[in-house]
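Okay, so here's the structure we're looking at.
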């Protein structure tokens, strides 16, 4: 029973590579619906065929309804894909219930998150690439989204921009340009009437950014080049800069993604108390480049700094010492706390950067909200995740190229 | 507005009094003057320190500040009180000053030297031992010693030192109380009779550079005898003593063989001097990391720097640690630098400098430089 | 095969917290590759006390605090003696990434400037003369660079086979760059026995007094521009 379950699971989990051609594919149960695909499939027969249909000779009788080869192939493939997706969905649902049973939880309330956790538990993987690890997701997420019928039976495309090759992208640009024009007209009207723009309607784009290239590709189900993405951003920026942009807020919001909420203010840890009754906070995993370490701050202190058992003189150069003192002097806590750190790896810059972040992160618990905001604006609380860029083959360095010769 | 200017004046006045002291005689220095700067007269400086004694950076500072001011610190006060309280009939006590790089050992030594000079000691002062053993310009004048087989002489250095000795002890030598006890024959025509004053010996060494090292040797013997017979009390100060015990020097014979410090005549002379078989004297020595090459500078403790040989030679000794500035000293140093226009800027700079220099005197001076 | 992998990676919905830098030739997109710069929606940090005070006054602090902010660089601190111009000069002096040595040299140069200015201060007799002497080496640096910044530059423009040197405007950045470059060039033409900090200190003091090689070079450039005024219209032909 368990073995069968496992087999079912593995069949769902094993990703299948489907042969894929871009233009003639079916797109089923697509979560984000672009209204470009809602053109109706009207079959317009030619007058010739009408005349011929009325005739009842052998030619007309044997003449079949003209379906273009592309449409035929598409229909076949669509059917196959439909069946396939249906089967996958069925297997996924059954697999989910089996998994819930295995984990001893209620199948009805088994969410996708629980599925992920269960898979990680049952199939622990040491593979670095997340894409290569075992996963179990609803088939819509796993298999590529495909476009609906882009042309009718006679082979006439539905979309008026079909022959550009990227209809949805160009429709989007066209819409944006049209909106800009409309806003200009509206602005002219308002100026003629000598009115002022509505002050409440100002767009607030502080907490959102434009969709990234990959996300835009997902939305449009088309591949986009870098240049096209840049143009998209240019046009949208232009749109947003107009004074009456709030009138098309919905259009703009569709292509903006909210930023991850700031983690610096959430979950500030409470200090624990050691044997002498002094409050202390330890931040582990202080990283910068290749330096790794941890920082402990003890609250009522005198400004003593200990790094790997040594004083601040552990760093010979002034720059590293300044970096270590930066958060303390910025918050003014330099003679009110004691700092104790252990670091290894990396060089002086990396180590001092790691300690700086560690001190700032630990100081969150000892500092009020106002100063916390100021630290955030100063950038002290951002983890510096940059790493050394690798050298590429065919080049002397990461970015340096061999001498450019015109010919 | 008026009150602000009053406060400003009051602060300036209080600042002026908080880092300086008018007590310019080290014999009178006590706990009250701790952390304050006292000035030395220029003629005195020239007499005592014209051929060394102060670190080079300090000499530059004297020129910029147009005065020589030394801070009265705890190690110096300890040393002076020890010397005052010591019984001179016992064999000479040896003190070793140690501390990190730039914590003020040489300046402490200079302070105590000033006290000794005031108190009428006969001063035997080696400003920086590594100058002889490790500072090698293009060509170092060396010769094989005539009196001791297999030993190497440094005639010019010895002559320079004799000049230094002469200028430091001008008054004592001029008074002609100190007489040579034996007769020394240098060559067929030159000899120093017994009973002639000491300064003739010194001058002979300065004039005849060839015999300078031997003169130094003889001089040290004489000084030991004179001290033991209570003719004068001696104060020996050697800076960078641990470079006598480092296995190598930078000298090399014309046959390209590196010379060990034990093969240099000057080494033997001063090791004889620091031996505690004579009375009526004080020996103060510093163990400095800068006297040895960078690979062997792991620690500043005397046990490490003096090696086994030096430790055994100096054992027993009184170790005195020269540490960094404490809070009071730091504040007074800040006040002094501001007064001398060396440090300018808002008061927040002081807190930052305190941490980045870790209160090390030399580093603090270095870091105030570009501000 | 690579096509498949690329497509598969795109299909799996994931929101990476950092995107890749734009590499035009990508053999295999790896979502976990190490980023070397922050994405462009990260704001620049504001850590100087004065700048932050200004923000607090205009009450924009909370708005910026809600956005992600880049961390300050390794050489930037909020301390009072941090100066972006000094840092720029240090960068120009630096060779092969040896920042410590470059910083040391520039600091020694400042020390030399300070010593010579203090000497002059003590030699000056009247309080007015004393007040005129500038003792802060950073201010002297600022003044020197301000005095050696050119206001126009000559651009070679080819018309009818002849290359004319046409005077034209100069951006702030380029002007600053030229000033620092000339100062350093003048310092490199020093004697063998003179050390870099000393020579640099002399050059800075000269430039701050509007004398010396660098200011002469700037004035020569201005004279050339004035002489070539006639060709100025070639910029728009």
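Bear in mind these aren't lab numbers, they're just calculated from the coordinates by the rules spelled out. Just so it is clear, the model here is predicted, and its values are computed rather than measured. We place every Cβ from the backbone using ideal geometry, glycine too, and count neighbours over all the protein chains shown.
Every helix of 4 or more DSSP H residues in chain B counts as -39500 (n - 2.57), and over all residues that averages to -13000 deg cm²/dmol at 222 nm. The distance from the alpha carbon centre of segment C:138-199 to that of segment A:309-346 is 39 Å, rounded to a whole number. In a fully extended conformation the segment linking residue A:404 and residue A:68 would gain 115.9 nm over its present Cα-Cα distance, using 0.36 nm per residue. Legend: calculated FRET efficiency, residue A:123 to residue A:223, from the Cβ-Cβ distance at R0 = 22 Å, rounded to 0.05, equals 0.10.
Going by neighbour counts of Cβ atoms within 10 Å, the residues B:278, B:342 line up, fewest first, as B:278, B:342.
Were the residues from residue A:212 through residue A:154 laid out at 0.36 nm apart, the gain over their Cα-Cα distance would be 17.2 nm. Converting the Cα gyration tensor eigenvalues of chain B into ellipsoid dimensions via √(5λ) gives semi-axes, longest first, of 39, 23, 19 Å. Looking at segment B:171-293, the DSSP beta bridges with both ends there are about 45 percent antiparallel.
Of all beta bridges that DSSP places with both ends in the protein assembly as shown, some 60 percent have antiparallel geometry. Take the Cα of residue B:177, step 7 Å along the line toward its Cβ, and report every residue of segment B:57-96 whose backbone nitrogen sits under 17 Å from that point. Only B:88-89 pass the distance filter. When the Cα atoms of the protein assembly as shown are aligned to their principal axes, the ranges along those axes come out at 156, 89, 70 Å in descending order. Extension gain for the segment residue C:51 to residue C:67, taken as residue separation times 0.36 nm less the Cα-Cα distance, is 4.0 nm to one decimal. Most simply put, chain B has about 35% antiparallel DSSP beta bridges, counting only bridges with both residues inside it.
In this label model, residue A:383 and residue B:298 are separated by 3.7 nm, measuring between points 7 Å along each Cα→Cβ vector. Taking the longest Cα principal axis of chain B as reference, the axis of helix B:198-207 is set at about 90 degrees. FRET efficiency for the pair residue C:227 and residue C:122, taken as 1/(1 + (r/R0)^6) with r the Cβ-Cβ distance and R0 = 56 Å, rounds to 0.80.
Cα centroids of segment C:46-104 and segment B:154-192: 63 Å apart. Dividing the convex hull volume of the alpha carbon atoms of segment B:168-291 by its residue count gives 129 Å³ per residue. Counting pairs of alpha carbon atoms under 8 Å apart in space and at least six apart in sequence, what relative contact order in percent does segment B:148-252 give? Taking the mean separation of contacting Cα pairs over the length of segment B:148-252, I get 25 percent.
Counting only alpha carbon atoms, the long axis of helix B:265-274 and the longest principal axis of chain B meet at about 70°.
Quotient of the Cα radius of gyration of segment A:299-407 and 2.2 N^0.38 Å, N being its number of residues: 1.43. The calculated pair-distance distribution of segment C:84-237 uses every alpha carbon pair, bins of 5 angstrom beginning at 0, and gives 2, 9, 16, 18, 16, 12, 10, 8, 5, 3, 1, 0, 0 percent.
Averaging sequence separations of C-alpha pairs under 8 Å and six or more residues apart, then dividing by the length of segment C:84-237, give the relative contact order as a whole percent. Reported as a whole number, the value is 27 percent. So if we plug the beta-carbon distance of residue B:328 and residue A:240 into 1/(1 + (r/R0)^6) with R0 = 45 Å, what FRET efficiency do we get, rounded to 0.05? Once the sixth-power term is evaluated, E becomes 0.15. Here the residues B:161, A:361, C:236, ranked from fewest to most Cβ neighbours within 10 Å of their Cβ, fall in the order C:236, A:361, B:161. As a length-normalised measure over Cα pairs under 8 Å and 6 or more apart, the relative contact order of chain B settles at 24 percent. Averaging Cα coordinates gives a centre for segment B:35-103 and one for segment A:140-190; these two points are 87 Å apart. Residues B:241, A:385, ranked from the fewest to the most other C-beta atoms within 10 Å, line up as A:385, B:241. Here the spin labels are modelled as points 7 Å beyond Cα on the Cα-Cβ line, and at residue B:277 and residue A:114 they lie 9.4 nm apart.
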